[in-house]
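Worksheet: one structure, shown below.
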Amino acid sequence: MDEPPSIDLLLIACELAGKVECKPQREDGTDAAVYASSGPTVARRIKAGAKFVASFNGAPLEPGLCPARFYWAVSMQVGAVRKTNYKLWLDQSPEEVKNLWRARQEARVLRDSLPHGQRKKKPWGPL
């Protein structure tokens, strides 16, 4: 299977995020206050065509010090609006997110291989 596109992995991370922190940037580049946001909000902005840069931590963080073991840092700008930094906290490692993407791709291939009448029975599991 091919290497997953980063946007697909980021959208799955948005789905799995347990906590999302939103930090709008001021004109001088410093972060304003931290606000609570949601994974679906970040995903919706990405799908709407926002310019973004994303990265993730590969090593698990100490339990108890952070909301979750792993995070994705996303910096995005929608249109001419100021830049906003997001931190998506999730318990799944980047490798687990990649494995979930692969499983969904395999399920999609199986579904597409079935005759149209059998697709309604959903033998492939959740997508």
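Brief remarks follow.
- Virtual spin-label span in nm between Asp8 and Arg69, 7 Å along Cα→Cβ: 2.4 nm
- Span-like helix ranges in the chain, DSSP H, alpha carbon extent 30 angstrom or more, Kyte mean at least -0.5: none
- Only one item in (1) 129; (2) 199; (3) 153 matches volume of the Cα convex hull per residue in Å³ derived from the coordinates shown, and that item is (1).
- From most to least packed by mean Cβ count within 10 Å, the peptides 88-96, 49-57 give 88-96, 49-57.
- Glu62-Ala36 FRET efficiency (beta carbon distance; Förster radius 22 Å; 0.05 resolution): 0.50
- Mean sequence separation of contacting Cα pairs (under 8 Å, at least six apart), scaled by the length of the chain, corresponds to a relative contact order of 26 percent.
- Accessible surface of the chain [probe 1.4 Å, protein heavy atoms]: carbon and sulfur percent: 53 percent
- Length released on extending from Glu27 to Ala107, taking residue separation times 0.36 nm less the Cα-Cα span: 24.3 nm
- Whole-angstrom gap from region 33-75 to region 76-96, using each part's C-alpha centre: 4 Å
The values are calculated or read from the model by the stated rules, or taken from the named source; none is laboratory data. Quick caveat: nothing in here was measured; it's all calculated off a predicted structure. Virtual Cβ from ideal backbone geometry, glycine too; neighbours counted across all protein chains shown. Heads up: the accessible areas ignore ligands, DNA and RNA and are worked out on the full protein's heavy atoms, side chains in. Shrake-Rupley method; radii C 1.70, N 1.55, O 1.52, S 1.80 Å.
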